[in-house]
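Values quoted throughout were computed directly from the atomic coordinates according to the rules given, and no laboratory measurement underlies them. What you are looking at is a predicted structure, and each value in this text was computed from that prediction instead of being measured. Glycine gets a Cβ as well: all are built from the backbone with ideal geometry, and neighbour counts include every protein chain shown.
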Amino acid sequence: MSRITLEKVCKSFGALGVLHDIDLDIRDGEFVVFVGPSGCGKSTLLRQIAGLDRPTSGEIHIDGKLVNTVPAADRGLAMVFQSYALYPHMSVRQNLAFGLENARMPRAEIDKRIAEAARMLEIGDYLERRPGQLSGGQRQRVAIGRAIVRNPTAFLLDEPLSNLDAELRISMRAELSALHDRLRTTMIYVTHDQIEAMTLASRIVVLRKGRVEQVGTPLDLYNRPANRFVAGFIGAPSMNFVKGTVVEAGDTATSVSLMGLSVAVPRPAAGVAPGQAVSVGLRPQHISLAGDGGDGVPVEVTLVEALGSETVIHGRTGGGERLQAVLAGQHALRAGESVRLAFAPADLHLFDDAGLRLA
Amino acid sequence: MSNRHEGQEARPARRSDGLLLIPVKAVMQVIDVPLRAWQRLAGLTGMASFFLLPNMAVFAIFVLVPFVINFVYSVTGGTEIFLDQRFYVGAAQYRDIFDCRSYLDPSTCVEDGFWVSTRNTALFVVVQVALMILVALVTALVLNREIAGRSFWRAVFFFPVLLSPVVVGLIWRWILQRQGLLNLVLYELFGFEPYSWLTDRNAAFAAAVGVTIWARVGFFALILLAGLQAIPKELYEAAEMDGTRRTRVFFRITLPLLMPNLLVVLVLGLIRSVQVFDEAYVLTGGGPGTSTMYLTQYIYEKGFASDLRDPGLAAAASILMGAVLVVLTLVQMAASRRNEKKGER
Ligand SMILES: Nc1ncnc2c1ncn2[C@@H]1O[C@H](COP(=O)(O)OP(=O)(O)OP(=O)(O)O)[C@@H](O)[C@H]1O
Ligand SMILES: [Mg+2]
């Protein structure tokens with residue numbers, strides 16, 4: 001029912017440009033997550049879509065209709081705010097009913113919708129309470145309920161879970177996911193937590209400094225980050241980057257020397273020449289301890305974090321490059337020790353000096 | 001959105017702060033010696049009482065003692081000012097005040113002046129407080145919008161609050177009197193004949209109401225403005241998403257959330273209004289006739305200024321007025337306590 005497209009949307013506050021040429025195509029029923037560091041313009045972008053703010057230039061279409069000048073209330077969208085923004089002096093029931101009363105909906109229909117939302121979100125027991133008498137998680141449900149009763153064509157959620165504690169956040173995340181499966185309504189979700197983005201999204205939009213860095217499915221972004229920023233932003237701990245030099249650029253493989261090794265990445269890199277300096281990315285999860293006799297990079301361990309199921313080691317190579325590795329299971333390692341680390345050439349990512357992906 | 005409202009960073013300590021602290025610290029160290037010894041004797045809670053003592057003394061000398069003396073006056077009779085020349089009459093002064101054939105008609109009362117000024121005061125309080133809250137609310141709503149020169153306007157509205165009430169009265173008398181600024185302007189612009197505003201019953205009442213509003217509205221608008229700014233912006237955005245009409249936003253969101261502040265404004269305004277004296281006295285002197293004679297002026301003139309002075313009666317009247325103020329103050333305290341309990345919004 002709701003396809004939202006943005007064309008060259010720009011937004012500035014005075015001289016400060018916050019959004020630059022945002023192009024997006026959000027398909028009906030998608031769960032799209034905007035992710036990016038604090039201050040990159042996620043909320044601003046969401047507010048342009050919501051209609052709480054007008055873009056400086058560019059066009060926003062909902063279902064093919066230009067909505068730039070359509071008031072927020074008439075766009076058929078519902079928003080869930082980070083601070084919940086529940087009306088503090090009204091009961092939960094009144095909070096849910098408020099928007100419906102504005103639309104002059106018959107009482108019976110209002111009651112029906114509230115009952116339905118209350119059942120779905122399990123908030124029926126405290127419909128007569130005020131928001132101040134609810135826990136953070138309960139308030140969050142009410143805020144979502146207020147959006148659901150309006151039966152919107154799309155939900156806009158601005159960091160809805162960031163005021164909850166870690167445990168509750170995980171369970172609410174699962175509930176949101178289930179809710180989306182059930183409603184099949186378009187959802188646009190803002191977060192700066194890349195794990196939330198990975199677990200919830202059908203597609204992720206990575207933003208940086210008001211520009212779209214990459215749009216893709218979670219695994220697209222993880223497996224084929226378009227640039228160094230996305231590579232570093234998606235995945236935790238962050239991808240390692242080391243300096244490398246192209247030795248040979250073939251049609252099926254690219255040979256690179258790095259950390260004193262020469263490896264053949266089994267993918268072609270368009271437009272590279274031997275001798276060219278590249279940045280080589282390697283995820284900590286793709287590093288393992290080198291077996292006896294196998295070759296690997298000698299690394300001096302500087303810190304060991306034993307998490308039980310896995311062990312994170314921080315180390316330094318002879319060339320002074322820092323590496324993090326996530327090793328499965330438990331390892332009796334200590335800071336100051338030397339280890340040899342191994343990786344598969346296929347797991348390497350190559351970026352040019354502008355940070356763009358080569359292979 | 002909240003990221004823009006994050007608390008300001010702590011002001012970095014400047015060198016001069018440190019320099020200023022040196023003499024302060026020296027003095028503190030000297031005082032410390034006797035105080036420590038005293039604390040050992042008095043204990044920690046005793047110390048708290050000790051520090052409160054100066055304030056208590058001032059309060060006792062200038063409030064409590066006069067209050068008791070005033071009460072003593074109210075049960076004595078005669079025209080003499082010194083207590084030793086007065087005689088005990090019991091509740092006779094109060095009985096005189098309430099000696100009326102009909103409470104609806106002041107002229108049937110023995111102390112008709114008291115009842116006339118009470119009626120004047122009641123009318124003044126109702127009209128002045130109602131209008132003032134309205135003006136303060138509108139002012140606060142306007143100042144809360146992002147208008148050009150907002151802090152300038154805020155200062156403009158607050159400025160009269162800083163003036164002494166007598167100065168306010170004098171300024172406005174100078175404007176409103178027969179040879180005043182208003183008549184001059186009206187004459188120059190429209191050729192109106194000069195009019196004696198302050199000797200016209202209705203105009204004098206309007207002047208008393210208007211001038212006291214002008215003088216105080218900035219203070220009350222500030223209280224309301226603080227309340228408006230405490231309402232989270234997101235609530236308005238949520239209402240916008242909900243498609244709420246502007247009047248409904250005002251009556252269903254702004255007004256209920258402003259209620260605590262409105263209540264404070266109402267009670268403080270009532271208390272201040274009941275006590276009206278300075279501006280009105282300077283402006284009209286209670287005239288024409290007794291049409292702007294308010295209770296405080298009546299008490300003052302009865303006690304000190306008139307030829308037929310009666311300090312006992314004045315004292316009794318002031319105690320009755322005090323009782324009304326105490327009731328209002330209790331209401332205010334109860335209201336603010338209720339607000340505190342609801343504070344987790
Ligand atoms: N009304 C405004 N006036 C001026 N600058 C603004 C305004 N709103 C946002 N900005 C600026 O725009 C930039 C992006 O803000 P935005 O709130 O969209 O960031 P965000 O990505 O949502 O960050 P966060 O993760 O911290 O919520 C920031 O630099 C912010 O200071
Ligand atoms: Mg934000």
Nothing charged except the Cβ atoms of Lys and Arg (+1) and of Asp and Glu (-1): what's the magnitude of the dipole of the protein assembly as shown about its Cα centre? Round to the nearest 20 debye. 480 debye
What's the Kirkwood radius of segment B:29-178 in Å, using all Cα pairs? 22.3 Å
Scanning chain B for helices, which whole DSSP H stretches are 30 Å or more long along the axis (Cα) and average 1.6 or more by Kyte-Doolittle? B:112-143
I'd like the per residue volume of the convex hull spanned by the Cα atoms of segment B:83-344, given in cubic angstrom. 189 Å³
Where labels lie 7 Å past Cα in the beta-carbon direction, separation of B:Phe159 and A:Gln94 in nm: 4.2 nm
Measuring from the longest principal axis of the C-alpha atoms of chain A, the long axis of helix A:166-183 (C-alpha) lies at a number of degrees, nearest 10, equal to 70 degrees
With a Förster radius of 35 Å, plug the Cβ-Cβ distance of B:Gln275 and B:Ala230 into 1/(1 + (r/R0)^6) and report the FRET value to the nearest 0.05. 0.75
Find which of A:Leu219, B:Met132, A:Ala143 sits farthest along the positive direction of the dipole of the protein assembly as shown, computed with +1 on the beta-carbon of Lys and Arg, -1 on that of Asp and Glu, about the Cα centre. B:Met132
Report, in debye and to the nearest 20, how large the dipole of chain A comes out about its Cα centre when Lys and Arg carry +1 and Asp and Glu carry -1 on their Cβ. 1080 debye
By how many degrees, between 0 and 90 and to the nearest 10, does the Cα long axis of helix A:136-148 differ from the longest principal axis of chain A? 70 degrees
May I have the pair-distance distribution P(r) for segment A:226-329, computed from all Cα-Cα distances with 10 Å bins from 0 and rounded to whole percent? 14, 41, 35, 9, 1
Go ahead and collect, in residue order, the members of segment B:53-72 whose backbone nitrogen is under 16 Å from a label point 7 Å along the Cα-Cβ direction of B:Val89. B:70-72
Evaluated at 25 °C with a viscosity of 0.890 mPa s, what Stokes-Einstein diffusion coefficient in µm²/s does segment B:258-330 have when Rh comes from the Kirkwood expression over alpha-carbon pairs? 182 µm²/s
Helix-only [θ]222 nm of the protein assembly as shown, DSSP H runs n ≥ 4, -39500 (n - 2.57) each, per residue, nearest 500: -14500 deg cm²/dmol
Partner shielding of A:123-134, taken as the mean number of other chain Cβ atoms within 10 Å, equals 1
At a 10 Å Cβ-Cβ cut-off, how would you order A:Glu167, B:Glu146, A:Glu7, fewest neighbours first? B:Glu146, A:Glu167, A:Glu7
Gain in span if fully extended, A:Ala346 to A:Asp251, counting 0.36 nm per residue against the direct Cα distance: 32.7 nm
How far apart, in nm, are the 7 Å Cα→Cβ label points at B:Thr79 and B:Arg246? 6.4 nm
May I ask you to derive the FRET efficiency for B:Ile61 and B:Leu123 from their Cβ-Cβ distance with R0 = 41 Å, giving the value to the nearest 0.05? 0.65
Counting partner chain Cβ atoms within 10 Å of every residue's Cβ in A:82-90, what's the average? 6
Among B:Phe250, B:Val276, B:Ala239, which residue has its Cα positioned farthest towards the positive end of the charge dipole of segment B:218-344, with +1 placed on the Cβ of Lys and Arg, -1 on the Cβ of Asp and Glu, and the dipole taken about the Cα centre? B:Ala239
With Rg and the Kirkwood Rh both taken from Cα atoms, where does Rg over Rh land for segment A:85-192? 0.94
Determine the principal axes of the Cα atoms in the protein assembly as shown, then give the extent along each, sorted from largest to smallest and rounded to whole angstroms. 119, 73, 59
Which one, A:Ala197, A:Ala269, A:Ala344, has the greatest fluctuation when you compute a Gaussian network model over chain A with C-alpha springs under 10 angstrom? A:Ala344
Simple SL model, points at 7 angstrom along Cα→Cβ for B:Leu131 and A:Arg224; separation in nm is 7.7 nm
Exposure proxy check on A:Met187, B:Met293, B:Met56, B:Met47: fewest-to-most Cβ neighbours within 10 Å is B:Met56, B:Met47, B:Met293, A:Met187
What does the charge add up to near A:Arg93, with Lys and Arg as +1, Asp and Glu as -1, over the other residues with Cβ less than 10 Å from its Cβ? -1
How long is the gain from B:Leu21 to B:Leu181 if the chain were fully straight, where each residue apart is worth 0.36 nm and the alpha carbon distance is subtracted? 52.3 nm
Angle between chain A longest axis and helix A:107-121 axis [Cα atoms, degrees, rounded to 10]: 30 degrees
Test of understanding: ordering A:Ser57, B:Ser151 by Cβ neighbours within 10 Å, fewest first, what list do you get? B:Ser151, A:Ser57
P(r) tail fraction, segment A:115-172 - alpha-carbon pairs more than 16 Å apart, %: 45 percent
Hey, could you get me the Stokes-Einstein D for chain A, Kirkwood radius over alpha-carbon pairs, 25 °C and 0.890 mPa s, rounded to whole µm² s⁻¹? 107 µm²/s
At 0.36 nm per residue, and after removing the present C-alpha to C-alpha distance, how many nm does the segment from A:Leu356 to A:Ala166 gain when stretched out fully? 65.0 nm
